[in-house]
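Engineer: The structure under discussion is supplied below as structure tokens; questions concerning it will follow.
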């Protein structure tokens, strides 16, 4: 897909962070954007701000972990526009850092419910409609280098969810092509530096029914992470989210499956992991990982 003008785009988790950057870039490119987010107040505020910049934008309160909620989103989009060309499965959450044996059942249920099942609910609700429409379309699933490329060992819940998103995206893209549809798919790895997004404070949206079963240390801030990385010898800069969104749209225009700033570094990481696997060794280089 080369042009986004007058295309209908849906962005989950679009009221803040990376999602908001994607919405701004899509509106700038002339797309009609439906913003989906679980936070009603934040969504209303964001849509009002987006509208001030011009373009056609609306919001739908959506819990991506709930298949009925995502189905209702898809129905509203098709009732309003009769089509969808771009689906950004972007919403995501994270659990506190912990040893695997210290994670809780609710950590896994909540994070995988949003990050993995949220992507699947989006695919299941929209892709059949998009295929039936016969128009050119594209699905973009937001993964993470943490899991999709190499996991941070103390983020087992989050990293495993994002590894799943990467594999789902790969299978989806292959199937869309082999089945002869007019759709394609990409996996998007937010990258380029530290990302100041709501992922650092996702507990604000954690349902009481999935509250953590036992206390944990305070969740580190993005600045805590930057300090820990610096102590490990890594000086990390912040990545502008609007520039990242523009990069993502450029990747779609280019027909890229993997959309990531710094692919060369990711290649080196994966080659090193492959070498370690070939030696029957632990793929993670513990010396380079800050503990959070």
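Engineer: Can you tell me which of 91, 159 is touching a residue at least 60 places away in the same chain (Cβ under 8 Å) and touching a helix residue (DSSP H, G or I) at 6+ places or on another chain (Cβ under 6 Å)?
Structural biologist: Working: 159 fails: touching a residue at least 60 places away in the same chain (Cβ under 8 Å).
Every option except 91 fails the conditions.
Engineer: Among 182, 141, which is the only one that is within 25 Å of residue 74 (Cα to Cα) and buried (at least 16 other Cβ atoms within 10 Å of the Cβ)?
Structural biologist: 141
Engineer: A follow-up question, please. Please state which one of 72, 42, 51, 29 is more than 28 Å from residue 2 (Cα to Cα), over 20 Å from the mean Cα position of the chain (by Cα), at pLDDT 95 or above and surrounded by fewer than 22 Cβ atoms within 10 Å (Cβ to Cβ).
Structural biologist: Values: 42 fails: over 20 Å from the mean Cα position of the chain (by Cα); 51 fails: more than 28 Å from residue 2 (Cα to Cα); 29 fails: more than 28 Å from residue 2 (Cα to Cα).
Testing whether each residue is more than 28 Å from residue 2 (Cα to Cα), over 20 Å from the mean Cα position of the chain (by Cα), at pLDDT 95 or above and surrounded by fewer than 22 Cβ atoms within 10 Å (Cβ to Cβ) leaves just 72.
Engineer: Could you tell me whether any residue of the stretch 96-110 is surrounded by fewer than 22 Cβ atoms within 10 Å (Cβ to Cβ) and within 13 Å of the chain's Cα centre (by Cα)?
Structural biologist: Within the stretch 96-110 (the criterion being surrounded by fewer than 22 Cβ atoms within 10 Å (Cβ to Cβ) and within 13 Å of the chain's Cα centre (by Cα)), the answer is no, since none of the residues qualifies.
Engineer: I've got another one for you. Just to be sure I understand, how many residues within the stretch 32-62 are without any contact (Cβ under 8 Å) to a residue 60 or more places away in the chain, assigned to a loop (DSSP other than H, G, I, E, B) and in contact with a strand residue (DSSP E or B) (Cβ under 9 Å, 6 or more places away or on another chain)?
Structural biologist: 3
Engineer: Inside the stretch 215-292, counting only helices (runs of 4 or more DSSP H) that do not spill past its ends, which hold 3 or more residues that are modelled with pLDDT under 95 and out of contact with any helix residue (DSSP H, G or I) (no Cβ under 9 Å at 6 or more places or on another chain)?
Structural biologist: Here the list reads 222-231.
Engineer: Does at least one position in the stretch 115-123 carry a residue that is in contact with a strand residue (DSSP E or B) (Cβ under 9 Å, 6 or more places away or on another chain) and surrounded by fewer than 21 Cβ atoms within 10 Å (Cβ to Cβ)?
Structural biologist: Checked against the condition, which is being in contact with a strand residue (DSSP E or B) (Cβ under 9 Å, 6 or more places away or on another chain) and surrounded by fewer than 21 Cβ atoms within 10 Å (Cβ to Cβ), the stretch 115-123 yields at least one hit.
Engineer: Sticking with this one: Would you tally the residues in the stretch 5-20 being closer than 14 Å to residue 252 by Cβ and out of contact with any strand residue (DSSP E or B) (no Cβ under 7 Å at 6 or more places or on another chain)?
Structural biologist: Qualifying residue count for the region: 1.
Engineer: Do we have residue 96 as farther than 29 Å from residue 271 by Cβ, assigned to a loop (DSSP other than H, G, I, E, B), out of contact with any helix residue (DSSP H, G or I) (no Cβ under 6 Å at 6 or more places or on another chain) and touching a residue at least 60 places away in the same chain (Cβ under 8 Å) here? First the steps, then the outcome.
Structural biologist: On the way: farther than 29 Å from residue 271 by Cβ: yes; assigned to a loop (DSSP other than H, G, I, E, B): yes; out of contact with any helix residue (DSSP H, G or I) (no Cβ under 6 Å at 6 or more places or on another chain): yes; touching a residue at least 60 places away in the same chain (Cβ under 8 Å): yes.
Judged against the criteria, residue 96 is a match.
The values are calculated or read from the model by the stated rules, or taken from the named source; none is laboratory data. Worth saying up front: this structure is predicted, and the values here are computed from it rather than measured. FYI the Cβ positions are ideal-geometry reconstructions off the backbone, even for glycines, and counts take in every protein chain you see.
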